[in-house]
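Visitor: My questions all concern the structure below.
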């Protein structure tokens, strides 16, 4: 009789997918050097699987596949152990299900509960919808979380998986998440030494924000791959021979710059793909010889290479003797290769390479088996804490990306509760008070900026926390108009002052009428107008107000005054008219701003917002910071008035808006336009007779474009020029660039910000 065989239950496709995902996670874990705590991880998986049962992601796969994927990143790409893996599996349980932190604590202990609690809290804080309201506390947040840095690491892993599956999201959501990733997560990953993850986050953000440029650069990289391989082979042959003679066990490979890095350099330097000479670098990774110091071997390899190729002295970077704050160690040099091109070389030991790619977590690979994660983490944690607490700005360079004052055209200011207000550059404490509420502005007597008392005229800076001080007896004063910058504040102050002026003018009118009667003169329109003209006022109300305030002293007998020559009166009237006109041009007042707020339009974020133009009226506003034109990759931002402000997707301010106000971002598409838009071309070339004439004729005649401004400067045989013009769309610019670049002696043509 045959022995009974165990019958395995038949799994549904979803159940099979989940089981396969978990099996792969266990395989990753068993390959690591951490203690074997498979039962603990299995328990966490079963609990999370049951908690998320039946829930699907937008992509259609079971929700539990997300925590499994995050746990795999934590294990395989960050090198963390069972505590982090369990926390990653459980990271959404408290936020998305009925289970509490106490339930996690009872089942998995204090440490895992603490990490899950930290992840739950920050999902609604700096990393959530209200990111901007917490930006000023970013460093403090990291310092407090350095009690267990795994909270940040798991959050980065969570974002990495979200970026890998971003294709299932709506475009507006893609812009928000991609912008937030570039603004916050990529710099953070870089600062913590997670170079591979940082590069992938940047590239994925780039892919969704600028799909055309992303595709273009990858196509260029593919088409130039054969030429790069040939260059590398020519370079490597003599180096390979020399290093083998030295008895080294090593590998030498070419590392190609990421698509985002290439685009960033093209954009910041205004150069083409062909003009970037460091698209690839040669990386030499060696296994140390027994008994020889790693640092000495790096310099031995350096010496061998410089015996073959001529070095560029200003490009030596010694991060072997003094590693970067994130643990990065390598020796960089640049030499002139055999094909007449500069080649960057990075020399690293195997250990240095692991740390460069995975960060401090890679240290665990070089420990004995059965490493206890918590003990090793303490050492890493100490290093991270030192980085965060260091007063040296270089040790906090990732925070520079977070600083709000990078955006010079507008500032972001916080209330004591952490709410954010956006104000124009140069805004004062009084502007901020009116931004909160008209009544607060009207009663404002001063402010505390970062807990320090300041006057109303104090100019605010990005990141300031402002508390407004008020008094019931305070009223707006005329001098306030001298130091407010926002239209809202100016209109509110004007409104109150006008109301007060009207009351004072009524009192002044009674005084004028009394003076006329005293002089036995008729109180009529003619006499009142003559008095106004004599004292240089175009409006009676202003004249009456000045009488009430004592600025105009009426004589006892008005009869003599009214009989003076008309030319004197007219002279004074013209003089006053000029004064009023000058005042109107220099101190513009936004008087048409109404107290009653208009109902704001509603937008469907599921569909692209079509940028239309009807009868030369547009349903959007062009952002001054980047001035997009039809055809540019763009997005819309819904401002406080409910209007759509259009930015280029690559605009730095747009990046800030995406990361902080993602709920206000719209995916936009250009429709056909009749009117023209301003754009500026930068042209460089060899100075020669008639080149300027050729440029202007080509632009005006061949493209029928109106030139607004032309600036050309020639020096030492070369010229640089900027041409500002009115164009219809991006295609105009592209065709113009191609045509102009074909003109003899013109070396480069590119569109630039004005």
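Visitor: For 319, 263, what's the fewest-to-most ordering of other Cβ within 10 Å of each Cβ?
Guide: Numbers: 319 18, 263 22.
Listing 319, 263 from fewest to most nearby Cβ atoms yields 319, 263.
Visitor: Okay, moving on. Within 10 Å, count the other beta carbons around each residue, average over each peptide in 539-552, 300-313, and list them highest first. Write down the numbers at each step before the final one.
Guide: Working: 539-552: 18.3, 300-313: 15.2.
So the peptides 539-552, 300-313, ranked by packing, come out 539-552, 300-313.
Visitor: Considering only DSSP beta bridges with both partners in the stretch 412-560, what is the antiparallel share in %, to the nearest 5? Let's see the in-between values first.
Guide: Numbers: 12 of 13 bridges.
Taking every DSSP beta bridge within the stretch 412-560, about 90 percent pair in antiparallel fashion.
Visitor: Between the alpha-carbon centers of the stretch 59-116 and the stretch 671-737, tell me the distance in whole angstrom.
Guide: 57 Å
Visitor: Decide, for the stretch 652-724, between rounded, prolate and oblate: order the square roots of the alpha carbon gyration tensor eigenvalues as a ≥ b ≥ c, take rounded if a/c falls under 1.5, and otherwise choose prolate if a/b is larger than b/c, else oblate.
Guide: Details: a/c = 4.63, a/b = 1.89, b/c = 2.45.
Since a/c reaches 1.5 but b/c is at least a/b, the shape of the stretch 652-724 is classed as oblate.
Visitor: Let me know the shape class of the stretch 448-535, please: from the alpha-carbon gyration tensor, a ≥ b ≥ c as square roots of the eigenvalues, rounded when a/c is under 1.5, otherwise prolate if a/b is greater than b/c, or oblate. All intermediate terms of the calculation are to be shown ahead of the outcome.
Guide: Values: a/c = 4.61, a/b = 3.25, b/c = 1.42.
Taking the square roots of the gyration eigenvalues as a ≥ b ≥ c, the stretch 448-535 is prolate.
Visitor: I would also like to ask the following. Rank by packing, highest mean first: peptides 46-52, 214-220, with packing defined as the count of other Cβ atoms within 10 Å averaged across residues. Spell out each step's value before the answer.
Guide: Working: 46-52: 18.1, 214-220: 15.6.
So the peptides 46-52, 214-220, ranked by packing, come out 46-52, 214-220.
Visitor: Oh, and also: How would you classify the stretch 301-358 from its alpha-carbon gyration tensor, with a ≥ b ≥ c the square roots of the eigenvalues: rounded for a/c under 1.5, else prolate if a/b is greater than b/c, otherwise oblate?
Guide: Working: a/c = 2.34, a/b = 2.11, b/c = 1.11.
Prolate shape, in that a/c is at least 1.5 and a/b is the bigger ratio.
Visitor: Please order 198, 606 by the number of other Cβ within 10 Å, starting at the fewest. Spell out each step's value before the answer.
Guide: Working: 198 23, 606 10.
Ascending number of Cβ neighbours within 10 Å: 606, 198.
Visitor: Which order do 267, 732, 318 fall in if you start with the one that has the fewest other Cβ atoms within 10 Å?
Guide: Numbers: 267 12, 732 21, 318 16.
Sorted ascending by nearby Cβ count, the order is 267, 318, 732.
Computed from the coordinates by the stated procedures, all read-outs in this text should not be read as laboratory data. This one's a predicted model, so the numbers in the text were calculated from it and none came from an experiment. Using ideal geometry, Cβ is built from the backbone for each residue, glycine included, and neighbour counts are taken over all protein chains shown.
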